[in-house]
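Below is one structure; the comments refer to it alone.
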Amino acid sequence: MRPDDVTVRKKTGVIGAMKRLTAAVAIYVVLGAAFLAPALEDGKILLQAAHLYQFFPWKGYEASPPADTNPLLSDQTLSFHPYREFARSSLRDGELPLWNPFSLGGVPFLGNLTSSVFYPANLAYVVSGGAHALVWIALVKLVLAALFMYAYAGALGAGFTARLTGGALFALCGFNVLWMNHPHSSVFVVLPLILYAFERGIMKHDRARSVLFSAAIAVQFLAGHLETSFFVMFVVSCYAVFRISTGGEGTVSAKRRLWLTCLFGLAGTSLAAIQLLPFVEYLRDSAVLQSRLALSALPENDFSVEKYRYLRSFIDPTAYGSPLTGDYVGPINYNELYGGFVGFVPVVAAVLGPFFLYRRKVFWFYAVLALFAVGMSYQVPYLYPAFKALPGFQLTHTHRLLGMAGFSLIMIFVLLLDRAAGNPRSKRAWSVAVTLVAVLAVVDLFRFGRDYNPVMPTDKVFATTPAIEFLQHAKGIFRIASPLSTFPHESHLPYGIQSIRGYDAIEIRAYTEFVSLLSNHRHAGHFVFATPYHEVIDSKLFDLLNVRYFVVPPGTRLSGGVELVYEDDAAIYENIDVLPRAFIVGAAIRVPDAAARLKLLADPRFDPLAAVVVEDESAPGLRGSVAGRALIENYSNGRIEITVETDADAYLVLTDNYFPGWKATIDGASVPVYRAYHTFRSVVVPDGRSKV
């Protein structure tokens, strides 16, 4: 064969591949647009915002609220959308959102991994200018998910039909569709890209695709759901060991491939350090870490045969009802149970796989992975306790491994479909049959998920009610307190209202312990978002928290140091004895023991103005009285400027949460920040006038 014949063949192959890729992109875009068609209409937003109207003040404002069609997705509205809006407003103001002063007494925002500030889709949201971009982000996510699977299947040698079908199935699978507007799916869609980059980069010793391997690992960490990232990296690690030990094309040794995998994997993790390091700092002394570590192995009666009947969920998406119809009766929430749903056809393929694919090593990898994922999710005896005890697994909800089971079923179906397409008995009839099976599988998933994610009229998304306007127009810096029925989770955040509540699934442990003193509820001391805090509204701790207003459902009557100042869509009571956000105290008590501090704060006789309670034994133990004032001149997310005037040395207390990383200066000179009242910040200021 002449050299120019080889060149012509190579060119022809590249052109053919580009044509097929172009066709795949076009098909995936059309499929995604059809899937999201209701949200692409003018005046509509892909967001489950209707759930907001189950809470005050919106419930008391809208005479005919939109139907709450899928309350299971409420986190989209109550948490993730407020996060996006806060990040967007901060970045547009030229400020990196390291800190969120509006929730939970002030908490790390970048350290809250779910904020996923640097995830490309969220950066696109910042640039786009609002919630209307959510549907376009979802469309891009679906198309990319399909293309990533298309590429990975191609790296395994699959033909066009199998690759095209695999991409469509992965984009529309249960885990990606049920968690569409959640960070779970943002992590999951990157899995096939990592595997593709491993096959083409590490296994083929291609430098550019090895860099892609690192970049893909970084992106999935930046997506903002560490639990899913842990499962993704677990699968990638197992896959790498499997492929390196069983596949050996080329001259690169197994040892070198393993070294390259570790090197580029570590590089990818390092690229995500800008998000991961703040998260680790936040996590190490958090409420969620203590809660997860306290989880023990499930009791023996959970290992019952009865639960295996729920395996029917792999083939029937309505077997136990649906959140769309309000009749769901599954053992865990619908998204968790159906995270592995990929339709009936791939399940049948998995059953047939051993008969037709037994010579394909990669089939056995995915067969074992599917069984492992299902076994861990259904807590199979011996398997579950053994792996649940391992580092990482002990902190996870293993039923979310069902997504990996679904991914495995799709891969087995792709392998079987490719074998069928490549071995025709009667070419035309067989090709038609293979195509029909592929179309049937895609249509099954399309029908399953098309209506699952609700759309909302634009004007109904975070409407501003009169009660909200009242709070926005109130002067000064203050917080609100509300029961579970009012301003849930992060719903106050888009309005710039500060609340003692919030939701970031981590929480500063000291703050959680402090606020737990305000309630006798069974959840008190675990998570602030899940606890009602109105049992002792006359507590001095509310004053110390800078709670000026209690916002409650209309008709609610409160007494004890409060005055009703507004009632319509909500009732708003003003706390008469509220302390300012920053104030001066002339004396200090050093109490290094946390339990002793909390006991002191819980004492009804405790007076926060008599002496500041500090943790550090090296903190100055002032004993005098002081006259003076503290005036907040500037208050932004990451910087607070306070002018102080006193007639003696004193403590300046700022009732925002203490956290490593906050630094203080007095007239330009650095000074230590002391933890005050268990969870707040303080500095010692000299007599006279100072700028802090």
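The values are calculated or read from the model by the stated rules, or taken from the named source; none is laboratory data. Here the structure is a predicted model, which is why all the values come from computation and not from measurement. Every residue, glycine as well, gets a Cβ built from its backbone with ideal geometry; the counts of neighbours run over all protein chains shown.
Quick notes
- Test for Ile244: is it of a type in the set (A, V, I, L, M, F, W, C), crowded, with 18+ Cβ neighbours inside 10 Å and modelled with pLDDT under 95: yes
- A Cβ distance below 6 Å, combined with a sequence gap of six or more or placement on separate chains, defines the contacts here; from the range 92-103, residues that are touching a residue at least 24 places away in the same chain (Cβ under 8 Å) and surrounded by 15 or more Cβ atoms within 10 Å (Cβ to Cβ) reach residues that are assigned to a loop (DSSP other than H, G, I, E, B) and of a type in the set (Phe, Trp, Tyr) in the pairs Pro97/Phe109; Trp99/Phe109; Asn100/Phe109.
- Sole residue being in contact with a strand residue (DSSP E or B) (Cβ under 8 Å, 6 or more places away or on another chain) and outside any helix (DSSP H, G or I), chosen from Pro38, Pro66: Pro66
- From the list Ala133, Ala151, Ala67, the one residue that fits, being hydrophobic (A, V, I, L, M, F, W, C), surrounded by fewer than 21 Cβ atoms within 10 Å (Cβ to Cβ) and free of Cβ contacts under 8 Å to residues at least 12 places away in the same chain, is Ala133.
- Remark: Phe470 falls outside the filter, which requires a residue to be in a helix (DSSP H, G or I), at pLDDT below 90 and touching a Phe, Trp or Tyr at 6+ places or on another chain (Cβ under 7 Å).
- Residue list for the range 474-506, filter: buried (at least 23 other Cβ atoms within 10 Å of the Cβ) and of a type in the set (D, E, K, R): Arg479, Glu490, Arg501, Asp504
- If you filter the range 634-673 down to residues that are without any contact (Cβ under 8 Å) to a residue 40 or more places away in the chain and touching a strand residue (DSSP E or B) at 6+ places or on another chain (Cβ under 6 Å), you find that the one that is farthest from Val685 (Cα to Cα) is Asn634.
- Taken over the range 562-618, residues that are part of a loop (DSSP other than H, G, I, E, B) and among the polar types (S, T, N, Q) amount to 1.
- Check on Lys141, at pLDDT below 90, in the same structural domain as Leu283 (by TED's automatic domain parsing) and basic (Lys, Arg): no
- Each residue in the range 72-115 was checked for being among the aliphatic types (A, V, I, L, M), assigned to a loop (DSSP other than H, G, I, E, B) and either touching a strand residue (DSSP E or B) at 6+ places or on another chain (Cβ under 9 Å) or within 17 Å of Ser491 (Cα to Cα) (or both), and 3 of them qualify.
- Hey, Leu357 in the same structural domain as Ser229 (by TED's automatic domain parsing), in contact with a helix residue (DSSP H, G or I) (Cβ under 6 Å, 6 or more places away or on another chain) and surrounded by 15 or more Cβ atoms within 10 Å (Cβ to Cβ) or not: yes
- All positions within the range 172-219 that are small (Gly, Ala, Ser) and touching a helix residue (DSSP H, G or I) at 6+ places or on another chain (Cβ under 7 Å): Gly174, Ser185, Ser186, Ala197, Gly201, Ser210, Ser214, Ala215, Ala216, Ala218
- Contact annotation: residue pairs with Cβ atoms under 6 Å, 6 or more positions apart or on different chains, pairing a residue in the range 550-571 that is free of Cβ contacts under 8 Å to residues at least 12 places away in the same chain with a partner that is of a type in the set (Ser, Thr, Tyr), are Leu564/Tyr573.
- Contact map, the range 496-513: residues that are aromatic (Phe, Trp, Tyr) paired with residues that are in a helix (DSSP H, G or I), Cβ distance under 6 Å, separation 6+ or inter-chain. Pairs shown: Tyr503/Ser79; Tyr503/Phe529.
- Filtering Glu490, Glu513 for residues that are under 17 Å from Pro57 (Cβ atoms) and either assigned by TED's automatic domain parsing to the domain that holds Pro553 or assigned to a strand (DSSP E or B) (or both) leaves a single hit, Glu490.
- Residue list for the range 388-399, filter: closer than 16 Å to Thr228 by Cα and among the hydrophobic types (A, V, I, L, M, F, W, C): Phe393, Leu395
- Restricting Ala146, Ala121, Ala153 to residues that are aliphatic (A, V, I, L, M), under 16 Å from the mean Cα position of the chain (by Cα) and either assigned by TED's automatic domain parsing to the domain that holds Val235 or assigned to a helix (DSSP H, G or I) (or both) narrows the list to Ala121.
- Annotation note: of Asp649, Asp656, Asp667, the sole residue that is acidic (Asp, Glu), more than 22 Å from Asn546 (Cβ to Cβ), within 41 Å of the chain's Cα centre (by Cα) and not assigned by TED's automatic domain parsing to the domain that holds Ile480 is Asp667.
- Complete set of residues in the range 620-639 that are under 16 Å from Ile584 (Cα atoms) and crowded, with 16+ Cβ neighbours inside 10 Å: Leu622, Val626, Gly628, Ala630, Ile632
- Some residue of the range 547-560 being touching a Leu at 6+ places or on another chain (Cβ under 8 Å), closer than 19 Å to Ser103 by Cβ, at pLDDT 90 or above and of a type outside the set (A, V, I, L, M, F, W, C): yes
- Exactly one residue out of Ser499, Ser431, Ser408 is among the polar types (S, T, N, Q) and in contact with a Lys or Arg (Cβ under 8 Å, 6 or more places away or on another chain): that is Ser499.
- Within the set Gly586, Gly621, the sole residue that is touching a Phe, Trp or Tyr at 6+ places or on another chain (Cβ under 8 Å) and more than 22 Å from Val515 (Cα to Cα) turns out to be Gly586.
- For the range 41-62, the set of residues classified as buried (at least 19 other Cβ atoms within 10 Å of the Cβ) and in a loop (DSSP other than H, G, I, E, B) consists of Leu46, Leu47, Gln48, Phe55, Pro57, Trp58, Gly60, listed by residue number.
- Hits in the range 565-595 - residues which are loosely packed, with under 14 Cβ neighbours inside 10 Å and over 35 Å from the mean Cα position of the chain (by Cα): Val565, Ile576, Asp577
- Any hit, the range 663-676, residues being under 17 Å from Arg623 (Cα atoms) and touching a helix residue (DSSP H, G or I) at 6+ places or on another chain (Cβ under 7 Å): no
- Those helices (runs of 4 or more DSSP H) lying entirely in the range 304-410 with at least 1 residues within 25 Å of the chain's Cα centre (by Cα): 334-337, 361-377, 383-388
- Among the residues of this structure, Val345 counts as one that is closer than 27 Å to Gly449 by Cβ, surrounded by 18 or more Cβ atoms within 10 Å (Cβ to Cβ) and among the aliphatic types (A, V, I, L, M).
- Looking at the range 620-692, the strands (runs of 3 or more DSSP E) lying wholly inside it that each contain 3 or more residues that are among the hydrophobic types (A, V, I, L, M, F, W, C) sit at 628-635, 640-646, 650-657, 680-685.
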